[in-house]
């Protein structure tokens, strides 16, 4: 009789314990599901409007264009992407589908002249990474200094069929024919090159691979009457015509004179910014 009573008394307690355990299990399972949903990336990239991709020159970081972007649009969404020397890509920032002119800055952990031959490949790695998060079919590109050489290398040797296409291209202060006076006379206009550098020769060999749908604007700066922006000769910048002029849909050259025309100042030069916004948008 006592055993039966004990069993009857224990029965409700066991049911209560089982019920509590079941509730905790269900709550735990629900929290795991919520956690997984929060940290699992969306399977579909976010569709964005045509972005502008900006790439700095030697030793430039993802912060190189902060002043330029702030002048254009203080509230612009900006995605900053960095490619490490092993090809690993990381990013900061976020873009939304409602942003009218989304900005993407791509920089390299090592953007020295020594790594220039591989920076076009790193750029393609960055594009692939961005496409996993965002969808866009075309984009505009702004390259300052060696940033112009990066895109040239990419277009000639590293572009993939699945990559989004460049619609409009601006390069600013890009040393297409190196920076030495050996190759570049101190003039702002010319009909022929004094001497073709090894750098320019390399880009000439692959120029036929450049897509013929691009509209391009090539900008040089001149400090005083120096025929140079104090770093890159105007003639070197305009040597880009030998690479692009016969291979793109449209090619233009612009010489910026007056204040804020030194090499580092060009990307925040008021005239350059006005030209950029009119050309891209």
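The values are calculated or read from the model by the stated rules, or taken from the named source; none is laboratory data. Owing to the predicted nature of the structure, the values given are computational and were not obtained by experimental measurement. For neighbour counting, all protein chains shown are included, and Cβ atoms are generated from backbone atoms with ideal geometry for every residue, glycine included.
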| query | Do we have residue 68 as surrounded by 18 or more Cβ atoms within 10 Å (Cβ to Cβ) and touching a strand residue (DSSP E or B) at 6+ places or on another chain (Cβ under 7 Å) here? | reply | no
| task | Count, please, the residues in the range 29-75 that happen to be assigned to a strand (DSSP E or B) and either within 30 Å of residue 113 (Cβ to Cβ) or modelled with pLDDT under 95 (or both). | result | 4
| Just checking, which of 92, 168, 70, 121 is out of contact with any helix residue (DSSP H, G or I) (no Cβ under 6 Å at 6 or more places or on another chain) and in contact (Cβ under 8 Å) with a residue 12 or more places away in the chain? | 92
| Of the residues in the range 201-225, how many are surrounded by 15 or more Cβ atoms within 10 Å (Cβ to Cβ) and not in a helix (DSSP H, G or I)? | 11
| message | Against the definition (in the same structural domain as residue 151 (by TED's automatic domain parsing), within 26 Å of residue 154 (Cα to Cα) and touching a residue at least 40 places away in the same chain (Cβ under 8 Å)), how does residue 187 come out, yes or no? | response | no
| request: Kindly provide the set of residues from the range 234-264 that are more than 23 Å from residue 206 (Cβ to Cβ) and surrounded by 18 or more Cβ atoms within 10 Å (Cβ to Cβ), ordered by number. | output: 234, 256, 261, 263
| task | With respect to residue 237, determine if the residue is within 18 Å of residue 147 (Cα to Cα) and in a strand (DSSP E or B). | result | no
| Looking at (1) closer than 21 Å to residue 53 by Cα; (2) out of contact with any helix residue (DSSP H, G or I) (no Cβ under 9 Å at 6 or more places or on another chain); (3) surrounded by 15 or more Cβ atoms within 10 Å (Cβ to Cβ), can you tell me which one residue 267 breaks? | (2)
